Amino acid sequence: MGLMNTIRKNPIILLLSIGLAMAGFILMDMMSSGGPASANQFTLGKVNGQRIDWQIFSDTESRLFGNSGSDVFQRKQQLWNYFVEKILIDEIAEDLGLGVGKEELVDLEFGTNLSPIIQRNFMDPNTRQVDRQQLNSLRQAIDADQLPPDLRTFWAEQEKEIVKDRLQSKIVAMVSKGMYLPTWQAEMMNKDRATQSEVAYVRIPFDVVSDGDVNVTDDDLNAYLKQHRAKFHQDEETRAINFVSFEVKPTSEDSADIFKGLADLVVPFQESTNDTLFVENNYGFMDGAYYQDDFFTSPEADTLFSMSKGSVYGPFVENGQYLVVKILDRMIVPDSVRARHILIQAKDPDAIAQAQITIDSLKGLAESGAVSFDTLALQYGQDASRTSGGDLGFSAQGAMVKPFNDLIFYQATPGKYYTVTTQFGVHLVQVTDRKYIKNKVGLRMGILNEAIIPSETTQKRAYQKALEAVSKYRDIASLEQAATENSDLVVQTSAAFRANDFALGVLGQGSSIRDIIRWAFKQNAVGNISPEVYAFEDEQGGYTNKYLVAGLASIRPEGDATLESARTDLEPLVRNQLKGKKIAEQIGSNTDLTSLAQTFSTSIDTAKTMSFASSFLTGIGNEPKLIGTVVTLDPGATSAPIVGSNGVYVAKVISRPSEVPPANVDLIRQSMKMQKSNSLSFRFVESLRKGAKMEDNRSNFF
């Protein structure tokens, strides 16, 4: 707004701006044959005419997420929402004259009123508190202009996010202040909630009538669609695919080969004099823990725990793997251990090295008896236990982080001092007591393991089948016809999806799913089969576990649905309604619940607190027709058959209070405002998005 006023007062600025813009277009034309239109090639989207540039989007993603292990499509969705919301919030903030000053920003970053963004990004995962030490170090680096370049760019992007969040919270607070519940509405809500009926009812499921007993016509479908048009309205186009999945599972030959490979190692493992090296060379597993029999799920555990030290057993199956186990040692494991410690916090290598020097010095003082452990803990300890002399009390197996747990349960001799490094820092540790109740044996083991997965030959064989299907069946109709003749081909239909979705129901999410969705939205004709075979990877096993052949099954445009676009969704709903009418006709005037329960082999159930304010009924679900009918009945009255969403009901009102307690209007207002305020921020942004002019080109880029 300020810029527009300046231009109006100074027309020369407008002339200069036009001149510069024209020069810019000429220069662009000289540099690229694409001319002005080439800029649109990198337009990820527009919000109320404001362009979201693909390069800026990508750079921001790199700065904010870096080498994050989060799902790439989820973070792109998250970032897109951020860009869209920032434009919308900035527009409103400018109109309202809202901003975030420098002092306010500093307080949000480092002060007592930390932004939720800072709280999220700098929370210690162990304490669930903001790491103030790290935050203060960053502030010192910023003040001294010594922030590393990558961290500087991250901080700049984070500040934009903080400002956006702060502006949004200010706007939402203004809207919240304007919320008001009239007295008459509060009294009505009180009446709706308090007028609770105890109801006995019989529910007759739709499936007592077979599908063949009802005939769903286009007239029925059109009538239902006309009556429920809003239910099938879409703000965005959706599509669905039909697909055939070729699962890749290990064959008996694959399993036998894996078994033999491990079986050949049994004798060398038995004869090995360096078990650690042998396990490492064969990609096995070994640590200092003594595992009890619940470590295994297979019945082989009984055999293992009866074997002597040095014995080797296997291969045997355990959780989809073949295992070969060598017993390295055995001991009675305590049920709980009492220990005390002194912690010097450290996270980076330099800090850990310095902490180790300090801990070694404290260990020497404790062992010599020159200073008591309690005194050292109080003076040097850096956790809450320092005030109790470092005492941690009794800990059960697995209650502590693994290095600390393994030390106190398996390695430490009570009374002696040990040092151990964990994710928290460096500890000086002393075990002071142990409890033995169950006296269970623990085994320290060397384990060779090999997952039972499909071989490359098996994977190629499944791929070849999928490839043959793609080349042989070029449309969905021929694929479905083949499925009727071949039981190995099962055609399934996906849930509806949008152009920028990255997940697809039971198929999950990932790059292959995204490729399928992008392909589907490039098609103009329903029935086409994709020429590509889509591969899905087993994330843990690192192999292809499924190949997919996909075809475009349906297109439902944005706006009101047509009969053809909504037919798949309409048919089961209308079929149930027609079944409901048949059931209601069978019931007729018979409103005796006992008789109905016997006739339809069902039971009489009771709902004790059914009211007009109920939205979901326990054991029933969402049944507005049932609730709407019950609240109009007098106590003792029985309803006619009610065709609901999940069946046909006949209900009898057993009792209902005759008087309603007076409304506490202030309390109802406070309760409602709290409920609405919790969802206000989300709903407010959603309303802005619905009112905005959006152009979304993301599917052209990823």
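Tabulated data
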read-out: Residue within the range 571-586 that is in contact (Cβ under 8 Å) with a residue 60 or more places away in the chain, surrounded by fewer than 16 Cβ atoms within 10 Å (Cβ to Cβ) and more than 17 Å from Asp207 (Cβ to Cβ) present; value: no
read-out: Test for Arg330: is it closer than 18 Å to Phe404 by Cβ and among the charged types (D, E, K, R); value: no
read-out: Ser681 in contact with a helix residue (DSSP H, G or I) (Cβ under 9 Å, 6 or more places away or on another chain), outside any helix (DSSP H, G or I), of a type in the set (Ser, Thr, Tyr) and crowded, with 17+ Cβ neighbours inside 10 Å; value: no
read-out: Candidate set: the range 389-418, residues that are closer than 15 Å to Asp287 by Cα, of a type in the set (A, V, I, L, M, F, W, C) and in contact with a Ser or Thr (Cβ under 6 Å, 6 or more places away or on another chain); chosen: the one modelled with the highest pLDDT; value: Phe404
read-out: Residue in the range 109-119 that is touching a Lys or Arg at 6+ places or on another chain (Cβ under 8 Å), not in a loop (DSSP other than H, G, I, E, B) and not β-branched (Val, Ile, Thr) present; value: yes
read-out: Total residues in the range 332-353, condition part of a strand (DSSP E or B) and either touching an Asp or Glu at 6+ places or on another chain (Cβ under 8 Å) or surrounded by 14 or more Cβ atoms within 10 Å (Cβ to Cβ) (or both); value: 10
read-out: Test set (1) more than 24 Å from Met188 (Cα to Cα); (2) in a loop (DSSP other than H, G, I, E, B) - Asp634 fails condition number; value: (1)
read-out: Enumeration of residues in the range 627-653 that are without any contact (Cβ under 8 Å) to a residue 60 or more places away in the chain, surrounded by 18 or more Cβ atoms within 10 Å (Cβ to Cβ) and among the hydrophobic types (A, V, I, L, M, F, W, C); value: Ile627, Ile642
read-out: Residue among Met610, Met672, Met694 that alone is of a type in the set (A, V, I, L, M, F, W, C), closer than 19 Å to Tyr201 by Cβ and out of contact with any Cys (no Cβ under 8 Å at 6 or more places or on another chain); value: Met610
read-out: Per-region count, the range 364-383, residues in a helix (DSSP H, G or I) and either among the aliphatic types (A, V, I, L, M) or touching a residue at least 24 places away in the same chain (Cβ under 8 Å) (or both); value: 8
read-out: Scan of the range 514-546 for residues that are closer than 11 Å to Ile241 by Cβ and of a type in the set (Val, Ile, Thr), ordered by number; value: Ile516, Ile517, Val526, Ile529
read-out: Condition check for Ser530: closer than 16 Å to Tyr473 by Cα, of a type in the set (S, T, N, Q) and touching a helix residue (DSSP H, G or I) at 6+ places or on another chain (Cβ under 9 Å); value: yes
read-out: Of all residues making up the range 654-690, the number that are more than 30 Å from Gln586 (Cα to Cα), hydroxyl-bearing (Ser, Thr, Tyr) and in contact (Cβ under 8 Å) with a residue 40 or more places away in the chain; value: 2
read-out: Selection within the range 188-221 - within 22 Å of Gly647 (Cα to Cα), assigned to a helix (DSSP H, G or I) and within 39 Å of the chain's Cα centre (by Cα); value: Phe206, Asp207, Val208, Asp211, Leu221
read-out: Residue check for Phe154: outside the structural domain of Met610 (by TED's automatic domain parsing), in contact (Cβ under 8 Å) with a residue 24 or more places away in the chain, over 30 Å from Asp538 (Cβ atoms) and among the aromatic types (Phe, Trp, Tyr); value: yes
read-out: Test: residue in the range 332-348 that is at negative phi, without any contact (Cβ under 8 Å) to a residue 40 or more places away in the chain and of a type outside the set (A, V, I, L, M, F, W, C); value: yes
read-out: So Asp302, is it in contact with a Leu (Cβ under 7 Å, 6 or more places away or on another chain), closer than 30 Å to Val401 by Cα and of a type in the set (D, E, K, R); value: no
read-out: Residue in the range 458-471 that is within 30 Å of Ala566 (Cβ to Cβ) and either acidic (Asp, Glu) or buried (at least 16 other Cβ atoms within 10 Å of the Cβ) (or both) present; value: yes
read-out: Count of residues meeting criterion [assigned to a helix (DSSP H, G or I) and surrounded by 13 or more Cβ atoms within 10 Å (Cβ to Cβ)] in the range 57-81; value: 17
read-out: Residue check, Gln430 outside any loop (DSSP other than H, G, I, E, B) and more than 35 Å from the chain's Cα centre (by Cα); value: yes
read-out: Some residue of the range 468-476 being more than 30 Å from Pro125 (Cβ to Cβ) and assigned to a strand (DSSP E or B); value: yes
read-out: Which numbered condition Leu443 fails, given (1) touching a residue at least 12 places away in the same chain (Cβ under 8 Å); (2) surrounded by fewer than 16 Cβ atoms within 10 Å (Cβ to Cβ); value: (2)
read-out: Qualifying residue in the range 511-528 (condition: assigned to a strand (DSSP E or B), under 30 Å from Pro250 (Cβ atoms) and not assigned by TED's automatic domain parsing to the domain that holds Lys226); value: no
read-out: Near pairs, Cβ below 6 angstrom, 6+ apart or cross-chain, from the range 247-258 (within 13 Å of Thr457 (Cα to Cα)) to any residue that is in a helix (DSSP H, G or I); value: Val248/Gln459; Val248/Ala462; Thr251/Thr458; Asp254/Thr458
read-out: Exclusive hit being modelled with pLDDT under 95, surrounded by 14 or more Cβ atoms within 10 Å (Cβ to Cβ) and outside the structural domain of Ile517 (by TED's automatic domain parsing), set Tyr291, Tyr283; value: Tyr291
read-out: Test: residue in the range 534-549 that is in contact with an Asp or Glu (Cβ under 8 Å, 6 or more places away or on another chain), of a type in the set (A, V, I, L, M) and assigned to a strand (DSSP E or B); value: no
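For every residue, the table says whether it meets (1) without any contact (Cβ under 8 Å) to a residue 40 or more places away in the chain; (2) touching a strand residue (DSSP E or B) at 6+ places or on another chain (Cβ under 8 Å); (3) among the aliphatic types (A, V, I, L, M); (4) not in a loop (DSSP other than H, G, I, E, B).
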residue	(1), (2), (3), (4)
Ala289	no, yes, yes, no
Thr297	yes, yes, no, no
Thr303	yes, yes, no, yes
Leu323	no, yes, yes, yes
Arg330	no, yes, no, yes
Leu362	no, yes, yes, yes
Ser385	no, yes, no, yes
Phe394	no, yes, no, yes
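The values are calculated or read from the model by the stated rules, or taken from the named source; none is laboratory data. Remember, it's a predicted structure, so these values are computed and weren't measured experimentally. Positions of Cβ are backbone-derived with ideal geometry, glycine not excepted, and every protein chain shown enters the neighbour counts.
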